[in-house]
Amino acid sequence: MIKAITNVAVYDFTDFTEDAYVLFSDKIVGIGKMADFEDLGYEITDGKGCLLMPGLVNGHMHIYSAFARGMNVPYHPANFQEILDQLWWKMDRHLDLKMIYDSGIVCAVDSMKNGVTTLIDHHASGLDITGSLKTLKKAVCEDALLRGVFAFETSDRFNIDQTIEENSRFMANNHTPFTSGLFGLHASMSLSEATLTKVKLALGDDPIHIHVAESEMDQADCLEKYGEWVVSRLKRHGLLNSGSLLAHCIHVHDEELEIIKEQNCVIAVNVSSNMNNGVGLPNLRAFRNKGIRVIAGNDGLSAAMALEYQNLLFASHLKDKTPTGFGLDDLKKIINDTYEYASARLGIGLGRIKKGNAADFLLLPYVAPTPMNQSNAMAHVFFGLFPAFKPKQVFVAGQAVVKDYEVNPTLKRKYAVAENSARILWENIEKEDTK
């Protein structure tokens with residue numbers, strides 16, 4: 001059945017339309033002005049007083065981080081490696097399939113409530129490697145009805161053969177508009193030469209998803225052990241296939257940016273996490289000057305992307321020491337490049353409210369207190385909606401996954417019982433700490 005949202009303003013980071021209607025099933029059937037609307041028996045939602053926008057995409061996520069919220073562990077890191085040792089690696093090595101599923105439900109529910117409908121995830125779990133990506137798919141895409149691109153971060157901390165097989169199997173068996181895969185790698189500093197050689201044999205022409213030069217320690221380790229920078233090492237091993245996703249890239253050098261551009265790779269920036277970890281900020285101006293595609297993620301710091309977009313602009317102003325070096329148009333390009341990247345991975349149109357694209361969109365109550373039009377719509381969204389971004393309704397493939405700010409009762413129940421998995425995880429970490 002065709003559905004309609006009427007009397008609504010529409011903005012998709014490109015076009016703004018007042019007093020509009022949108023027709024949709026699982027995809028958008030049409031969009032027009034209310035003056036031309038004819039009710040042909042549609043299931044109608046009145047969008048008066050609301051802005052309709054496309055569902056957001058998180059371009060680099062760690063779903064399991066949902067269980068880090070409030071966790072109390074001995075934590076006195078002096079550098080980035082100690083952040084990994086004392087928190088994230090301590091946590092991920094205790095994850096089993098039940099915990100992975102429950103963290104997927106928590107992250108999916110929190111994400112949809114924040115208007116995020118597609119997640120590009122970078123997963124790690126020590127207890128259960130095999131089946132972990134399928135479990136995430138079950139939670140996020142099948143039960144919560146969001147879209148997801150999943151990868152297991154291969155690392156010498158884990159059984160390498162299992163991580164390679166998990167990535168390869170998942171990528172081979174998942175090519176749908178809801179789910180696909182990337183070949184996950186942690187970072188150069190946790191990957192030996194032997195491991196990268198093994199990965200290349202299994203990889204073929206598929207793209208990878210890897211942390212690159214998130215801290216200076218990654219570059220220093222690579223230079224000391226191999227006499228080259230991280231990106232050069234990845235290229236030497238033949239891993240930088242077209243479409244590969246390189247997260248962070250804070251401490252890359254100019255020659256590495258040339259390689260990233262030549263290999264048609266994409267950088268995923270995560271400025272809130274970078275500031276939180278004290279590792280620095282990406283040089284967006286240099287990325288832009290090289291013509292490198294940049295997308296936005298949040299590194300699992302939260303389930304929200306609107307906050308990430310704000311921090312991306314403000315952090316860029318601080319790094320460049322000017323309020324004019326990175327503007328709203330630059331932010332829109334990153335947002336739209338994120339949509340294009342996710343669209344390519346899933347084989348479906350995301351991000352534009354136009355005929356034929358996926359019916360993934362949000363309804364946000366918004367009455368503009370000043371004139372709103374094509375030229376200033378992004379400013380309204382950035383300063384008026386992003387500071388408190390809570391959609392009233394969220395649609396994925398035409399289905400309402402959030403209604404009146406709430407998810408369905410089944411997801412509510414699954415979300416509530418996930419606390420038990422978190423408790424067990426924390427107890428297991430505490431047992432390890434007391435040994």
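The values are calculated or read from the model by the stated rules, or taken from the named source; none is laboratory data. This is a predicted model, so every value here is computed, not measured. Cβ sites come from the backbone with ideal geometry, for glycine too, and all protein chains shown count toward neighbours.
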Mind listing just one residue for me: the one in region 234-268 that is hydrophobic (A, V, I, L, M, F, W, C) and over 21 Å from the mean Cα position of the chain (by Cα) and, of those, surrounded by the most Cβ atoms within 10 Å (Cβ to Cβ)? Leu234
Output the number of residues of region 78-125 satisfying the condition of being out of contact with any Asp or Glu (no Cβ under 7 Å at 6 or more places or on another chain) and either within 15 Å of His60 (Cα to Cα) or in a strand (DSSP E or B) (or both). 9
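Conditions (1) outside any helix (DSSP H, G or I); (2) modelled with pLDDT of 95 or more; (3) over 30 Å from Met91 (Cβ atoms), marked per residue:
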position	(1), (2), (3)
Ile250	yes, yes, no
Glu258	no, yes, yes
Ile267	yes, yes, no
Ala286	no, yes, yes
Asn289	no, yes, yes
Asp299	yes, yes, no
Leu313	no, yes, yes
Gly325	yes, no, yes
Test: Ile120 is in contact with a helix residue (DSSP H, G or I) (Cβ under 6 Å, 6 or more places away or on another chain), of a type outside the set (Gly, Ala, Ser) and closer than 27 Å to Gly398 by Cα: no
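Can you spot a residue in region 56-73 that is over 23 Å from the mean Cα position of the chain (by Cα) and either of a type in the set (A, V, I, L, M, F, W, C) or in a loop (DSSP other than H, G, I, E, B) (or both)? Before you say what the answer is, go through the steps one by one.
Just the residues of region 56-73 that are over 23 Å from the mean Cα position of the chain (by Cα), to begin with: 72-73.
If we keep only those that are either of a type in the set (A, V, I, L, M, F, W, C) or in a loop (DSSP other than H, G, I, E, B) (or both) as well, we get 72-73.
Yes, that holds for at least one residue.
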Being touching a residue at least 12 places away in the same chain (Cβ under 8 Å), in a helix (DSSP H, G or I) and within 19 Å of Thr117 (Cα to Cα) is the requirement here; does Phe386 meet it? yes
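Could you tell me which residue of region 314-339 is nearest to Asn289 (Cα to Cα), considering only residues that are of a type in the set (Gly, Ala, Ser) and surrounded by fewer than 17 Cβ atoms within 10 Å (Cβ to Cβ)? Step through it out loud before you land on a result.
From region 314-339, those of a type in the set (Gly, Ala, Ser) are 315-316, 325, 327; that's our starting set.
Next cut, surrounded by fewer than 17 Cβ atoms within 10 Å (Cβ to Cβ) only: 325, 327.
Details: Gly325: 12, Gly327: 15 Å.
Filtering region 314-339 for residues that are of a type in the set (Gly, Ala, Ser) and surrounded by fewer than 17 Cβ atoms within 10 Å (Cβ to Cβ), the one nearest to Asn289 (Cα to Cα) comes out as Gly325.
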State the number of residues belonging to region 90-146 that are without any contact (Cβ under 8 Å) to a residue 40 or more places away in the chain and within 19 Å of Met171 (Cβ to Cβ). 12
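Please go through region 328-378 and give me each residue that is touching a Ser or Thr at 6+ places or on another chain (Cβ under 6 Å), of a type in the set (D, E, K, R) and assigned to a loop (DSSP other than H, G, I, E, B), ordered by number.
As a first pass, look at region 328-378 and keep what is touching a Ser or Thr at 6+ places or on another chain (Cβ under 6 Å): 342, 345-346, 349-350, 360.
Pick out the ones that are also of a type in the set (D, E, K, R) and you get 345, 360.
Scanning region 328-378 gives a single hit, Asp360.
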At least 3 residues that are within 30 Å of Gly115 (Cα to Cα) and of a type in the set (A, V, I, L, M, F, W, C) in each: list the helices (runs of 4 or more DSSP H) lying fully within region 145-235 that qualify. 160-173
Per the filter on region 281-312, residues over 16 Å from Val116 (Cα atoms) and either without any contact (Cβ under 8 Å) to a residue 40 or more places away in the chain or in contact with a Gly (Cβ under 7 Å, 6 or more places away or on another chain) (or both) are Leu281, Pro282, Asn283, Arg285, Ala286, Phe287, Asn289, Lys290, Gly291, Ile292
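Of the residues Ala388, Ala358, Ala397, Ala368, which single one is more than 13 Å from Leu328 (Cβ to Cβ), loosely packed, with under 14 Cβ neighbours inside 10 Å and not polar (S, T, N, Q)? Even if it seems obvious, please write down each step before you answer.
Details: Ala358 fails: loosely packed, with under 14 Cβ neighbours inside 10 Å; Ala397 fails: loosely packed, with under 14 Cβ neighbours inside 10 Å; Ala368 fails: loosely packed, with under 14 Cβ neighbours inside 10 Å.
Going through Ala388, Ala358, Ala397, Ala368 in turn, just one is more than 13 Å from Leu328 (Cβ to Cβ), loosely packed, with under 14 Cβ neighbours inside 10 Å and not polar (S, T, N, Q): Ala388.
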Filter region 1-31 for residues that are surrounded by fewer than 18 Cβ atoms within 10 Å (Cβ to Cβ) and among the hydrophobic types (A, V, I, L, M, F, W, C); which is farthest from Leu328 (Cα to Cα)? Met1
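Just wondering, is there one or more residues in region 339-346 that are touching a Phe, Trp or Tyr at 6+ places or on another chain (Cβ under 9 Å), aromatic (Phe, Trp, Tyr), more than 13 Å from Leu51 (Cβ to Cβ) and in contact (Cβ under 8 Å) with a residue 24 or more places away in the chain?
To start, the set of residues in region 339-346 that are touching a Phe, Trp or Tyr at 6+ places or on another chain (Cβ under 9 Å) comprises 339, 346.
After this cut, where a residue has to be aromatic (Phe, Trp, Tyr) as well, the list is 339.
Now drop any that are not more than 13 Å from Leu51 (Cβ to Cβ), which leaves 339.
Subsequent filtering for residues that are in contact (Cβ under 8 Å) with a residue 24 or more places away in the chain retains 339.
Checked region 339-346: at least one residue is touching a Phe, Trp or Tyr at 6+ places or on another chain (Cβ under 9 Å), aromatic (Phe, Trp, Tyr), more than 13 Å from Leu51 (Cβ to Cβ) and in contact (Cβ under 8 Å) with a residue 24 or more places away in the chain.
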Taking only region 146-177 into account, find how many residues are surrounded by fewer than 20 Cβ atoms within 10 Å (Cβ to Cβ), more than 30 Å from Gly227 (Cβ to Cβ) and of a type outside the set (S, T, N, Q). 5
